[in-house]
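Each value in this text was obtained by applying a stated rule to the coordinates, not by laboratory testing. Here the structure is a predicted model, which means the values were calculated and not measured. Please note: Cβ atoms are built from the backbone with ideal geometry, for glycine as well, and neighbour counts cover all protein chains shown.
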């Protein structure tokens, strides 16, 4: 994720529901702290989390076996801006949509051996 500039796990292991991590996200020149908490931990199929920073919300990654030995990645993300949530939702969709798509394409390339993190 190019917008994630730093991350540190704040909870002692092992990773599971309740584990917290603090990230620093930079989008359009604006730096925002982003603390997340694991809400669902079912490796390797499902990973859920909740955003606890200024932007609230939740997300989930689901991995399922597809045809021809492929893996399907589904990513759902719901973020609520700290101000003007309805207008902010439209604006963040326009800004974050392409960023998240690039993140998924980077993950695909990384998993297929096209580049390293």
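Relative to the dominant Cα principal axis of the chain, helix 85-111 is inclined by about 30°. When you restrict to C-alpha pairs under 8 Å that are six or more residues apart and normalise by the size of the chain, the relative contact order lands at 14 percent.
Each peptide among 100-113, 52-65 gets the average number of other Cβ atoms lying within 10 Å of its residues, and from highest to lowest they stand as 52-65, 100-113.
When the helix-only estimate is applied to the chain (DSSP H runs of n ≥ 4, each -39,500 (n - 2.57), divided by the residue count), what is the mean residue ellipticity at 222 nm, nearest 500 deg cm²/dmol?
Values: 1 runs with 27 residues, N = 117.
Value at 222 nm, helices only: -8000 deg cm²/dmol.
Each label was represented as a point 7 Å from its Cα along the Cα-to-Cβ direction; for residue 64 and residue 102 these points are 3.0 nm apart.
Figure the gain on full extension for residue 50 and residue 89 (residue separation times 0.36 nm, minus the Cα-Cα span) and round it to one decimal in nm. Display every interim value, and only then the final one.
Numbers: separation 39, 0.36 × 39 = 14.04 nm, distance 1.73 nm.
Residue separation times 0.36 nm, minus the Cα-Cα distance, leaves 12.3 nm.
Expressed per residue, the C-alpha convex hull volume of the chain stands at 123 Å³.
Would you work out if segment 1-70 is rounded, prolate or oblate? Take a ≥ b ≥ c from the square roots of the eigenvalues of the alpha-carbon gyration tensor; rounded if a/c is under 1.5, else prolate when a/b is larger than b/c, oblate otherwise. Walk me through the numbers before you get to the answer.
Details: a/c = 2.27, a/b = 1.45, b/c = 1.56.
Since a/c reaches 1.5 but b/c is at least a/b, the shape of segment 1-70 is classed as oblate.
Taking the average, over residues, of other Cβ atoms within 10 Å as the packing measure, peptides 40-51, 9-20 rank 40-51, 9-20 from highest down.
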